[in-house]
Amino acid sequence: MSYPPHAAPQPELSDKSKIVAGILQLFLGGFGVGRFYTGHVGMGIAQLLTCGGLGFWALIDGIMFLVSNDRTDAQGRLLRG
């Protein structure tokens, strides 16, 4: 089903910010802090146990939070810009 541009349903936004999540992930990603912030506890624990994938996973994840417009919180809501 297609909607006219003015009537397209808007996705629900999270109360969490993708900028905050990205910065937390860049600086504290080895501890999974960015993932804990967005409510993805399982991913946060995995990053904590692997030191953020030896830093690579945390770095890539942090950059993806900052540049991607489709990152979501644990409830599936889009992160705010």
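Taking helices (runs of 4 or more DSSP H) as the structural unit, those lying wholly within the chain and holding at least 2 residues that are of a type in the set (Ser, Thr, Tyr) correspond to 33-38. When the range 1-43 is filtered for residues that are modelled with pLDDT under 95, crowded, with 18+ Cβ neighbours inside 10 Å and either aliphatic (A, V, I, L, M) or within 13 Å of Leu79 (Cβ to Cβ) (or both), only Ser14 remains. Scanning the range 32-71 for residues that are among the β-branched types (Val, Ile, Thr) and more than 15 Å from Ile19 (Cβ to Cβ) yields a count of 4.
Looking at the range 51-64, can you tell me whether even one residue there is free of Cβ contacts under 8 Å to residues at least 60 places away in the same chain, touching a helix residue (DSSP H, G or I) at 6+ places or on another chain (Cβ under 7 Å) and either within 16 Å of Leu78 (Cβ to Cβ) or polar (S, T, N, Q) (or both)? Looking for residues that are free of Cβ contacts under 8 Å to residues at least 60 places away in the same chain, touching a helix residue (DSSP H, G or I) at 6+ places or on another chain (Cβ under 7 Å) and either within 16 Å of Leu78 (Cβ to Cβ) or polar (S, T, N, Q) (or both), one finds none in the range 51-64, hence no.
The values are calculated or read from the model by the stated rules, or taken from the named source; none is laboratory data. Just so you know, these numbers come straight off a predicted model, no measurement behind them. All Cβ positions, glycine included, derive from the backbone under ideal geometry; neighbour counts span all protein chains shown.
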